[in-house]
Each structure stands twice: as C-alpha cells, then as structure tokens.
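Okay, so here's the structure we're looking at.
The values are calculated or read from the model by the stated rules, or taken from the named source; none is laboratory data. All of these numbers come straight from a predicted model, not from anything done at the bench. FYI the Cβ positions are ideal-geometry reconstructions off the backbone, even for glycines, and counts take in every protein chain you see.
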Amino acid sequence: MKVRMTDEEELLVNACDEFGQRVLEPWVEKVENGENPKEVFLEMAKLGILGVAAGEEYDGMGGTWRMLALAIEKMAEYNEALCEYIYMANCNFIFPFLKYGTEEQKRAWIPGVISGETLGAMALTEPDAGSDNNAMTTTAVLDGDEYVINGTKCFITDAENASFYLTFAVTSPADAPKKEISAFMVFKDQSKGVTIGSPDNSMGMRGAPTYPVYYDNVRVPKENLVGNLGDGFKVAMWGLNGGRVCVGAMVCGIAQHAINIAVDYALNRPMFGKTLADFQNTQFVLAECQAKIDAMFIMTLEAAGSLDVGNDDFALCSEVKMLAPEFANEVVYKCSQLMGGYGYTTEYPMERLYRNARICTIFEGATEVQKHSIAKVMGLRGKKRN
C-alpha cells in the first residue's frame, strides 16, 4: 500500500522490503516445520530494526513509532510470524524500560535486546488470569535483598529461547483489599527454579511458539524491580499499548499479502473464456478489501504518531487493535474464497495467512477487551445513572 513517507521512512521501508525478500521469505517454510529462527534475530539486529524507537545512547536507531509501524507492515508481507519478534523487542521491553527503568537498568538491558544477543519474553498471562489481572496468583515476596517468586505463566512467546522474562507478580499481602502487581526482570542463567514447559500446539504463528513458564522459589535481586512497587500494571500497559499499534501494522501486512496473492491469482485464472479478474464481483471484492486495509493502516500510523508525541491516551491504540485484526481476518477470508479450493491448500500461502491472522484478534488484548477499554474512555463505564 502507498502512504506518504519522509525520505528517512522511505529508506527504512525499502531496506525492510529487501530484507524481507532476502531473509524473511526463505524462512517461512523453515519456521512452519519447526526450525529455530534464532539466527534471524541477529540479522534483524544488523538492520537496526530491534531498536527503532530507542535513542542512540542505548545503541538504538533513534527513530519513531511511525517508522516502526511502517517497517513491520512491510516485513509482515514476507513473514508475519517472525515480525512478532520485532514488536516484542521494541514494545514489550524497550518501551517499558525507557519509561520505567532506572538509567542503570536501561544501559544494562536495552543494548542487548537491540543487538539481538539477549532475547526476552513477557511473562504476564496466567492459566486463570488472562485479561483479568486481579485474578493473578503469581507472587513475589521480599526476603532480605531478594524477592522470591512463585507461580505459573502461560502462552509465553518464545520462552525457550529467552534469556530473560519480564515477569509480573503480586507483591501485596494476601489480605490486602486490592492486589498490588509489580514487574521484575528474571534472568534465566541467574535464577534457579525457572522451568519451561512443552510448547503449545497452536494452529498458527509457528515461528513464534508459546510455552508455559513455572516459577518455583525463584530468587530475584531487589535491583531487578522495574519501576516502583505496584507499577506492574502500568509497565505492562505501556508495552501492550505500543504492541497493539504494532499488531495493527502486522495484520495490515498479512492482509496486503493476501490481497496480492488473490490479485495475481485472479489475473491468471481462466474462467468462461475470460479471467477471474474480468468479473465485476471479483473487482468489487478486492477493491473493498484494499480500501479497508488502506484505511486501517492510515489509522495505525496515526496511532503510532500519537505515541511519538508522548500522548498517553491510549484509546486510539485500542481502536486499532479492535478493528485491524478483525478487518484483516475478513480480508484473508474473502481472498481465500475467491481462490476456491486452491485457497484451502498448502500450495498457496493463503491457508497459512488464514491461520496466522486468527491469533491477532486475541493476543495483546482480545477484541472484546479493546471494546471494554474504548467504552471506558467514552464514559460508558463506571458512572452512575441519574
């Protein structure tokens, strides 16, 4: 899709286009077959894409969130699963560290993420606590100069390869009227008692597998607390809201890939002495798909721009996350339908796009959660009726 870009943005998008063709596309089948893409992270790091919005003082690109969204959309046209790692590095870790970390923590942790040498996992979700953080049962109890963490996390992306886990745990007493959640950096090689379970058997995003993570009396230095005690929800939301914008960009790339495949198929598919593309129904379906995704990407870039100017009103981020994945799933469905039986076979990428688009309505906050958040901003929640 075409959007107006600065010279700097255009240079980055062109570099991502070349990188996608050269590195990401050849890895599609490899990750589908379970091959570990760890070497790709180092290639991403060379491009600078793992630290787009981080300042040069932390070895980052010193770019913008808009640049990050443009880069992710372009790369998702080649390999949507591996794009998860780009927004995870920037949104789940660097973004919260820059906001809540001490200067010592920033200089110790951010460069490793940007270089691709240190892979992280965000350990927030629990078996009985997905969007309801008040149901969280993982605890962190202060014992001298360390916190002792016990609990279970689930659906943790790439926990097996991770060097550290940004872990969220309850730090308030059991009888406290309100749960206090705090965030901790737990390093795998420095913390005994962390166990990674078997990978989840998911239908899609096989290049970014998820795992359960178990904490059994894991001791973490007080210095690994991110932000203040009780800041855990703020830390998580600061990362998740940036992630919601990046998911919007990623699904726009997925949908654009589906449209490109369907257009090429329609132009070359003989039908009743014509091609499939000659029929008005085909033209109207694909035109509608393109218009919806173009509109969503413009909205995504607007949300990214709001982050660039320091806007902490995240309603627009929730709107992007609510709409973009739903539209992308609709687009992939319609493009698959146009291709008939071929859209259902592994001969074309459409079935993979169909599987991978599906999870995007769920992670980083499900569609229903985003509606809940938007309703709150609108004043529809928490107010008494007269």
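Tabulated data
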item: Selection within the stretch 199-226 - assigned to a loop (DSSP other than H, G, I, E, B) and either outside the structural domain of residue 182 (by TED's automatic domain parsing) or at pLDDT 95 or above (or both); result: none
item: Residue within the stretch 35-43 that is closer than 26 Å to residue 310 by Cα and assigned to a helix (DSSP H, G or I) present; result: no
item: The stretch 1-34 - residue that is assigned to a loop (DSSP other than H, G, I, E, B) and not aliphatic (A, V, I, L, M) and, of those, surrounded by the fewest Cβ atoms within 10 Å (Cβ to Cβ); result: 2
item: Residue, farthest from the chain's Cα centre (by Cα), within the stretch 130-143, restricted to residues that are surrounded by fewer than 16 Cβ atoms within 10 Å (Cβ to Cβ) and under 16 Å from residue 229 (Cβ atoms); result: 143
item: Search result, residues across the stretch 33-59 that are more than 17 Å from residue 119 (Cα to Cα) and in contact with a helix residue (DSSP H, G or I) (Cβ under 7 Å, 6 or more places away or on another chain); result: 53
item: Verdict on residue 249 being aliphatic (A, V, I, L, M), touching a residue at least 60 places away in the same chain (Cβ under 8 Å), touching a Ser or Thr at 6+ places or on another chain (Cβ under 9 Å) and assigned to a helix (DSSP H, G or I); result: yes
item: Count of residues meeting criterion [at pLDDT 90 or above, over 16 Å from residue 93 (Cβ atoms) and in contact with a Ser or Thr (Cβ under 8 Å, 6 or more places away or on another chain)] in the stretch 116-136; result: 2
item: Where residue 264 falls short, out of the listed (1) exposed (fewer than 15 other Cβ atoms within 10 Å of the Cβ); (2) of a type in the set (D, E, K, R); (3) in contact with a Leu (Cβ under 9 Å, 6 or more places away or on another chain); result: (3)
item: Selection count, the stretch 171-197, where residues are without any contact (Cβ under 8 Å) to a residue 24 or more places away in the chain and over 23 Å from residue 134 (Cα atoms); result: 3
item: Selected residue (only one of 314, 284 is surrounded by 20 or more Cβ atoms within 10 Å (Cβ to Cβ) and either over 17 Å from residue 240 (Cα atoms) or of a type outside the set (Asp, Glu) (or both)); result: 314
